[in-house]
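Heads up, the thing below is written out as structure tokens.
The values are calculated or read from the model by the stated rules, or taken from the named source; none is laboratory data. Small disclaimer: the values here were computed from a predicted structure and weren't measured. All Cβ positions, glycine included, derive from the backbone under ideal geometry; neighbour counts span all protein chains shown. When the accessible area is computed, the model is the full protein with side chains, heavy atoms only, and any ligands, DNA or RNA have been set aside. Shrake-Rupley method; radii C 1.70, N 1.55, O 1.52, S 1.80 Å.
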Amino acid sequence: MTNPKPIRKAVFPVAGLGTRFLPATKAIPKELLPIVDKPLIQYAVDEAREAGIEQMIFVTGRGKTAIVEHFDIAYELETTMGERGKDMSVLDSSRFTPGDIITVRQQVPMGLGHAIWCARAIVGDEPFAILLPDEMMWGEPGCMKQMVDAYAETGGNLVSVLEVPREDVSSYGVIDPGAENGALTEVKGLVEKPPVDEAPSNKIVSGRYILQPEVMRILEDQEKGAGGEIQLTDAMAKMIGQQPFHAVTFEGRRFDCGSKLGFVEATLAIALEREDMGGDVREMAHRILGD
Ligand code: G1P
């Protein structure tokens with residue numbers, strides 16, 4: 001397939017309560033917790049922008065408005081910094097063309113599939129991306145750019161995958177892999193959070209998707225699945241055989257920022273890589289470890 005419709009829109013489900021990070025997330029959305037000096041959500045938004053995506057759709061809930069504020073003009077800040085002649089380029093990537101940040105509400109947490117379905121009217125009748133901000137994908141080019149490039153060849157539906165130890169598969173969506181061609185693997189089946197001994201592989205869906213709009217129609221009638229939630233994985237599974245469906249093995253590193261350990265790991269790894277502070281962080285780490 002050549003020249004599939006371009007991916008212009010990305011959906012970010014950000015309605016979760018963030019209970020694993022309490023008390024930090026009592027008054028602050030977990031998506032705004034910083035990795036060094038950038039909130040988690042912005043790494044995902046930057047990744048989408050790098051892939052040529054223009055419109056960001058946040059599926060939010062109560063207590064999450066600060067996420068939208070983050071991507072707005074900060075009038076007082078900018079005026080004061082301007083008057084003082086300060087460099088404001090640090091704010092550039094969190095400013096958007098009017099109309100390119102859109103929010104919809106998910107009133108009740110009913111699962112990832114339901115969250116995505118809440119964005120159906122904004123997505124409309126075109127293919128779209130989904131990025132789960134908890135999964136921090138670190139690579140050059142970024143994960144979504146790698147997927148958009150693959151999509152130009154395959155069209156249809158794509159998920160990013162990576163391999164995990166077999167005993168960990170039950171926390172994820174898992175693919176039943178078919179033929180492989182470089183980073184691309186045909187997807188023959190998808191199952192959400194299978195028991196270890198029933199998992200079709202150890203290739204898990206790692207929070208990045210390019211999907212055709214038909215998935216919204218399927219989600220409309222999707223019944224509850226694993227954990228009593230409406231699962232995106234179950235709706236995607238119904239498209240296999242109807243439309244092309246591939247997995248892209250991400251070349252890069254992934255940090256599970258939905259867990260405390262993953263969050264600390266991401267903070268350290270990224271701080272160590274930063275040109276402005278990497279050396280100092282390395283020295284500090286040695287000092288703390290006493291070696
Ligand atoms: C969700 C998806 C799952 C995917 C995972 C990646 O699960 O349902 O298929 O593998 O994200 O993080 P959750 O983490 O919301 O339980």
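For region 131-268, the convex hull spanned by the alpha carbon atoms encloses 112 Å³ per residue.
Sorted by accessible area (1.4 Å probe), largest first, how do Y75, Y209, Y172 line up?
Details: Y75 160, Y209 10, Y172 40 Å².
The ordering from most to least exposed comes out as Y75, Y172, Y209.
Diffusion of the chain by Stokes-Einstein, at 20 °C in a medium of 1.002 mPa s and with Rh set to the Kirkwood radius over alpha-carbon pairs, works out to 107 µm²/s.
Of the residues S206, S259, S171, the one with the largest accessible area comes first in the ranking S171, S259, S206, computed with a 1.4 Å probe on protein heavy atoms. Relative contact order for region 174-291: what is it in percent, counting Cα pairs under 8 Å that are at least 6 residues apart? Relative contact order comes out at 23 percent. Does region 4-80 classify as rounded, prolate or oblate by the C-alpha gyration tensor (a ≥ b ≥ c root eigenvalues; a/c under 1.5 gives rounded; else a/b over b/c gives prolate, otherwise oblate)? Cα axes put region 4-80 in the oblate bin. One way to sum up the overall shape of region 48-166 is the equivalent ellipsoid from its Cα gyration tensor, whose semi-axes run 29, 20, 15 Å, largest first.
Computed with every protein chain present, the accessible area of E229 is close to 80 Å² [probe 1.4 Å]. Rolled with a 1.4 Å probe across the full set of protein chains, the surface gives S89 an accessible area near 60 Å². For region 179-225, what does the alpha-carbon gyration tensor say about shape, rounded, prolate or oblate, given a ≥ b ≥ c as the root eigenvalues, a/c under 1.5 as rounded, and a/b over b/c as prolate? Oblate shape, in that a/c is at least 1.5 and b/c is the bigger or equal ratio.
Rolled with a 1.4 Å probe across the full set of protein chains, the surface gives W138 an accessible area near 70 Å².
Extending 7 Å from the Cα toward the beta-carbon at both Y75 and D149 defines two label points whose distance is 4.3 nm.
Restricting attention to region 157-291, the count of lysine pairs at 8 or more positions apart or across chains with alpha carbons under 17 Å apart stands at 6.
Per residue, the convex hull spanned by the Cα atoms of region 44-106 measures out at 95 cubic angstrom. The angle between the Cα long axis of helix 278-289 and the longest principal axis of the Cα atoms of the chain comes to about 90 degrees, rounded to the nearest 10.
Given a 1.4 angstrom probe, I'd like the percentage of the accessible area of the chain that is carbon and sulfur, rounded to a whole number.
Answer for the chain: carbon and sulfur cover 52 percent of the accessible area.
The alpha carbon centroids of region 222-281 and region 81-98 are separated by 30 Å. Against the main long axis of the alpha-carbon atoms of the chain, helix 143-154 sits at an angle near 30°.
From its DSSP helices (H runs of at least four residues, each -39,500 (n - 2.57)), the chain gives a residue-normalised ellipticity at 222 nm of -8500 deg cm²/dmol.
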